Amino acid sequence: MTETAIVDAFLGRVFSGETDKALELVHPQAKFISTRPTPNPTNPLHGTFVGLEGAKLFFGGFGALLEPGHFSVDARFAEGEHVALYGTLRHKSRATGRDFASDWALICKVQAGKIVLYHFYEDTEALALAIA
């Protein structure tokens, strides 16, 4: 599988609820970051989550905070071990019922068929307004 295909397969498994199958594509020491690598008391998704357990916490936090909705990939490209994707999303805050709409970008690094870095970027102000 190409690096791009590995990231696509990972996302497909995550969004279809197949977390254990998705984790087969993750290196045991992978880093998962949502926008900000340091923790933020007002956003449980911020911080750096490491390893398979970190990945479970990262995506579990997403599921606890947001009801998944629309997620589209507009484009993807790769250079060597680096993969970039971008698109749009619209989810709903479970706590407030407000919509969270954003452009997004994802930067991944893949080595030996495993994701070693997953760094997701989104409109943090829109997310803060949706969950507050």
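Every number here is computed from the coordinates shown, using simple stated rules; none is lab data. Keep in mind the model is a prediction, meaning the values are calculated, not measured. All Cβ positions, even for glycine, are placed from backbone atoms using ideal geometry, and neighbour counts span all protein chains on display.
Listed values, structure above:
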{"item": "Whole-number Å³ per residue for the convex hull built on Cα positions in the chain", "result": "93"}
{"item": "Dipole magnitude (debye, nearest 20) for the chain, charges at Cβ of Lys, Arg, Asp, Glu", "result": "280"}
{"item": "Between segment 5-83 and segment 103-132, the alpha-carbon center distance in angstrom", "result": "7"}
{"item": "Given charges at Cβ of Lys, Arg, Asp, Glu: segment 3-131 dipole, positive-most of Thr35, Ala55, Thr4", "result": "Ala55"}
{"item": "Relative contact order %, the chain, counting alpha carbon pairs below 8 Å whose residues are six or more apart", "result": "25"}
{"item": "FRET efficiency for Phe71 and Ala95, using Cβ-Cβ distance with R0 set to 22 Å, rounded to 0.05", "result": "0.65"}
{"item": "Amide proton proximity set for Val26, modelled H, under 5 Å, gap of 5+", "result": "Ile115"}
{"item": "Amide proton proximity set for Asp123, modelled H, under 5 Å, gap of 5+", "result": "Asp103"}
